[in-house]
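The values are calculated or read from the model by the stated rules, or taken from the named source; none is laboratory data. The model shown is predicted, which means the values in this text are computed figures rather than measured ones. Don't worry about glycine lacking a Cβ; one is built from the backbone with ideal geometry, like all the others, and counts go over all protein chains shown.
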Amino acid sequence: MKHQTLDQLHTVADVHAEATDLVATRSQRLERWAKLLEKNPDRRLEALTGTEYKSPEIREKMRYNDSPLTVAFEDPIFRAQGLRDDTYGEARRFFELTDWQLHEIVCHCHVGATIRARWAASRVRAAMSERFGFFAWLRGTFMH
């Protein structure tokens with residue numbers, strides 16, 4: 001292994017020294033995901049189809065190009081923290097969500113075929129609440 005200075009690494013890699021501190025807790029990761037979604041609030045994202053009807057094996061591997069999960073995976077800090085891909089199963093693991101919580105965020109039965117990024121952000125914030133559901137989502141939508 002060749003020793004390189006931080007300046008040398010910056011020329012070949014996107015280095016984020018703050019990554020280890022920035023998203024240390026579940027709440028911090030979810031809040032960052034919501035903020036990433038809000039950076040382009042009108043971006044149309046693909047919703048996943050029928051997550052509640054798929055077998056656990058299929059559901060783990062589900063992914064769509066340009067979904068709310070893709071927005072999280074595009075973030076170099078999340079990748080540095082261990083987000084391996086933009087699949088349903090990996091998002092559930094990384095963000096410490098239950099199947100029901102992630103279903104509420106990304107499934108088409110709640111949002112239609114596409115979802116605006118700002119709506120996805122409000123659903124992510126609602127998942128931060130222990131009382132996740134319609135009223136938590138509604139509160140998150142109008143409070144942020």
Is there a residue in region 48-67 that is in contact with a strand residue (DSSP E or B) (Cβ under 8 Å, 6 or more places away or on another chain), aliphatic (A, V, I, L, M), at pLDDT 95 or above and not in a loop (DSSP other than H, G, I, E, B)?
yes
Going through region 24-35 one residue at a time, which ones are free of Cβ contacts under 8 Å to residues at least 60 places away in the same chain and touching a helix residue (DSSP H, G or I) at 6+ places or on another chain (Cβ under 8 Å)?
Q28, R32
Check R125, R93, R118 and return the single one that is surrounded by fewer than 16 Cβ atoms within 10 Å (Cβ to Cβ) and of a type in the set (K, R).
R93
Answer with yes or no whether G112 is at pLDDT below 95 and on the phi > 0 side of the Ramachandran plot.
yes
Odd one out for E46 among (1) acidic (D, E); (2) under 19 Å from M128 (Cβ atoms); (3) in contact with a Pro (Cβ under 9 Å, 6 or more places away or on another chain)
(2)
Here is a check on your reading of the model: is H108 touching a residue at least 24 places away in the same chain (Cβ under 8 Å), surrounded by fewer than 19 Cβ atoms within 10 Å (Cβ to Cβ) and within 18 Å of E52 (Cα to Cα)?
yes
At pLDDT below 95, of a type outside the set (D, E) and within 24 Å of V23 (Cβ to Cβ), is that true of R131?
yes
